[in-house]
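Structure first, then comments.
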Amino acid sequence: LLPKVLAGKRVLLTAGPTFEALDPVRGLTNSSSGKMGFALARACAAAGAQVTLVAGPVSLATPRGVRRMDVQSAAQMREAVLQALPGQDIFIGVAAVADYRPRQTAAHKIKKGTSSLTLELDANPDIIAEVAARSDAPFCVGFAAESRDLATYAEGKRVGKKLGLVVGNLIQDGLGGDTNAVTLFDATGAHVLPPADKSEVARGIVAHIAALMETPHGQ
Ligand code: C5P
């Protein structure tokens with residue numbers, strides 16, 4: 001049996017990609033299976049937490065005991081997060097949120113016929129940065145999936161978005177698969193977790209979060 005290191009805690013997570021519609025059948029999205037976020041939701045529940053999972057479009061079963069809210073776009077993900085936020089102790093943003101959305105969504109299917117098509121995009125809100133900036137912010141954990149310079153970008157996100165912890169991984173080590181190799185970046189430095197399947201990595205992340213929350217000032 002796993003130690004209940006998050007007993008009595010409420011945890012809110014985002015997972016999966018977002019989908020930003022261009023028309024009724026097309027859209028912009030990120031490549032994200034949702035497996036790491038779902039594994040973390042499961043690990044948090046197993047550690048005794050009350051878990052709410054805001055999921056983008058993924059085909060994964062809801063972990064036992066987890067409350068799930070399904071969304072498509074970043075705007076919908078933000079709404080769901082803000083709705084579920086009151087009373088949360090921990091927010092973990094695992095979702096691969098699309099950075100931009102089409103300025104317009106066509107009501108009907110866009111027809112081909114022109115030799116080129118220009119899309120106008122607007123920046124999406126940064127959900128975790130908004131949550132972390134609140135006066136009643138829970139302990140915030142972000143993810144950084146990078147193709148290079150992991151430590152620099154992950155540390156930049158931790159400081160820039162005011163997060164207690166950033167879980168960094170190189171895209172080639174984790175995307176889509178069942179295993180992952182991550183490094184945890186917190187105020188004390190970088191901590192490498194051994195490469196393992198995503199459920200094992202999730203348990204390591206949960207243990208680290210629980211330990212950080214026990215230290216004075218939480219981070
Ligand atoms: O996309 P980026 O690498 O900046 O993502 C880092 C962290 O910020 C992740 O935890 C991600 O879930 C979160 N994020 C978010 N809203 C965005 C973009 C990223 O919550 N619009």
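The values are calculated or read from the model by the stated rules, or taken from the named source; none is laboratory data. Source: prediction; values computed, not measured. Here the Cβ positions follow ideal geometry from the backbone for every residue, glycine too, while neighbour counts run over all protein chains shown.
Observations on the structure shown:
- Count of residues meeting criterion [at pLDDT below 95 and surrounded by 17 or more Cβ atoms within 10 Å (Cβ to Cβ)] in the stretch 165-181: 5
- The residues in the stretch 28-58 that are part of a strand (DSSP E or B), within 14 Å of Ala96 (Cβ to Cβ) and not hydrophobic (A, V, I, L, M, F, W, C) can be counted, and the count is 1.
- Residues that are over 14 Å from the mean Cα position of the chain (by Cα), at pLDDT below 95 and over 24 Å from Ala46 (Cβ atoms) do not occur anywhere in the stretch 188-205.
- Residue match in the stretch 99-118 (condition: in contact (Cβ under 8 Å) with a residue 24 or more places away in the chain, within 16 Å of the chain's Cα centre (by Cα) and within 25 Å of Ala133 (Cα to Cα)): yes
- Count of the stretch 1-27 residues which are part of a strand (DSSP E or B) and closer than 18 Å to Asp99 by Cβ: 7
- Among the residues of the stretch 113-136, the ones that are touching a helix residue (DSSP H, G or I) at 6+ places or on another chain (Cβ under 6 Å) and of a type in the set (A, V, I, L, M) come to 1 in all.
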